[in-house]
Every structure is written in structure tokens, then in C-alpha cells.
Amino acid sequence: MTTMTSSSIEFETPTGYKDEITARSDGIRWLRIPSRRYLAIDGTEAPGTPDFKDAIGTLYPVAYTLHFALRGRGVDAPVGALQGLYWLGGETLASVEGGQAASEVSGGWRWRLMLPIPEAATSAEIEAAIRDVRAKKQPPRMDELWVFTWEEGLVAQIIHIGAYGDEPRTIARLQESVAEAGRTARGVHHEIYISDPNRARPDRMKTLLRMDVAD
């Protein structure tokens, strides 16, 4: 299903989570992202630092614990792709509700790392997974993990192939396409990591770059 806008851009409604994180490297995909729940950790360290990696190392154990709990009752719900929202001090996280979104921040990096929660998971199952990981594995940033619901809405997205440091050229293409379509960008920089950096060559890494656009 597609939604027409005044600028004649067709915003697709994804058929599911896997479709939602699909795009091309040679063109822009326009989507309407539905409401989703996420496991999240907010931070201020530079991406790639040990503390940043500790956040990733805290999110995944909870996601996998929840995955196995769902599988135990016959639900096939693979762990989704890691996502990151990034902004700099002085900018407002206008597109995300909750957490630090209510106030402006100052200083350097601000980010939110997230893993999507399967739709089939109940609140009780999510809470049980968090309790289990806290008790048995005690990852370093467990006390900072939280759950929130976000309806991202209208977005434009493209796949970047290559090293993270080469993203600016792809981001520029995305920005130009949004402007040419007569749309206005909003929110913060959003990345979805399709490739595993521990397995893929830097020049073959796939990262989905997403930009929220005003309704």
C-alpha cells in the first residue's frame, strides 16, 4: 500500500520489519514507518569507543534472551538490525519521544542505540528477559537500558555501501533527493547496520541511512 502526498511522492507501507529495512544503493525509497518498540541505550561517548561498544554488548544479550523465549512458545522472531540515532550537542532530538528527547543537550556526541522488539513479545516477556540478563550476565550498561515506543512516520532511505567514513557522499545524495522532492528533513541522523562489521570487508559494508521527513 502507498500513501500519496502533495509532492507526488509515494510513501510505501512496509509489509513487515524485514521490508522496512530494505533499500537500494542507487535510488531513494520512501516509507511510512509504523509504531515499534525498541530496546535502547543513550550515550554521549564518541562512536566506536569502549563505552559505546559496551552499550551494544548490553543490548544484544537482552534481545537474544527475548528471541529464545519467543522461540520457546513457537514464535519465529529473529533479532533485528542494530540502529543508531546520532546528533551533536545543541541539537534537539525532536523525532524521538522519551529519554533525553524532552530537553536540549549541550556538548559533543549524543546517540541512542536501539534494537527492535518483535511485535509478538508481551510486556511480561520483555521484562523477564531484562531481569534474566541482569541476574545472569550483568552486562556493563544494564542499568541504562530502557524500552520505548516510537512511530517514526515518513522517511526517505538509501543503502550506503562502503566504510562508515565514506557515508557523507551518500548522505548528500539523500539530502538532495529530499530537497528535490520538495520535502523538509527533520529529526536526527539515523543509521541501520545491515552488515556485521566483524565479518564484512569495509568496502562492502552495507548501512541503511534514513532521514525523517515532515508530513
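The values are calculated or read from the model by the stated rules, or taken from the named source; none is laboratory data. Note that the structure is predicted; figures quoted are calculated from it, not measured. Don't worry about glycine lacking a Cβ; one is built from the backbone with ideal geometry, like all the others, and counts go over all protein chains shown.
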**Study point:** Filter pass, GLU20 being surrounded by 12 or more Cβ atoms within 10 Å (Cβ to Cβ) and either within 17 Å of the chain's Cα centre (by Cα) or not acidic (Asp, Glu) (or both)
**Key:** yes
Subset of segment 147-169, residues modelled with pLDDT of 95 or more, surrounded by 14 or more Cβ atoms within 10 Å (Cβ to Cβ) and in a strand (DSSP E or B), comes to VAL147, TRP150, GLU152, GLY153, LEU154, VAL155, ALA156, GLN157, ILE158, ILE159, HIS160, ILE161
Restricting segment 34-66 to residues that are in contact with a helix residue (DSSP H, G or I) (Cβ under 6 Å, 6 or more places away or on another chain) and not polar (S, T, N, Q), the one farthest from SER123 (Cα to Cα) turns out to be GLU45
Scanning segment 13-30 for residues that are of a type in the set (A, V, I, L, M, F, W, C) and either in contact with a Phe, Trp or Tyr (Cβ under 6 Å, 6 or more places away or on another chain) or farther than 22 Å from VAL178 by Cβ (or both) gives TRP30
For segment 174-196 the number of residues that are surrounded by 14 or more Cβ atoms within 10 Å (Cβ to Cβ), part of a loop (DSSP other than H, G, I, E, B) and over 16 Å from the mean Cα position of the chain (by Cα) is 2
Selection status of ALA69, modelled with pLDDT under 95, surrounded by 15 or more Cβ atoms within 10 Å (Cβ to Cβ), over 14 Å from the mean Cα position of the chain (by Cα) and among the hydrophobic types (A, V, I, L, M, F, W, C): no
task: Return yes when VAL133 is out of contact with any strand residue (DSSP E or B) (no Cβ under 8 Å at 6 or more places or on another chain), among the hydrophobic types (A, V, I, L, M, F, W, C) and buried (at least 19 other Cβ atoms within 10 Å of the Cβ) and no when it is not.
output: yes
GLY74 being at positive phi and at pLDDT 95 or above: yes
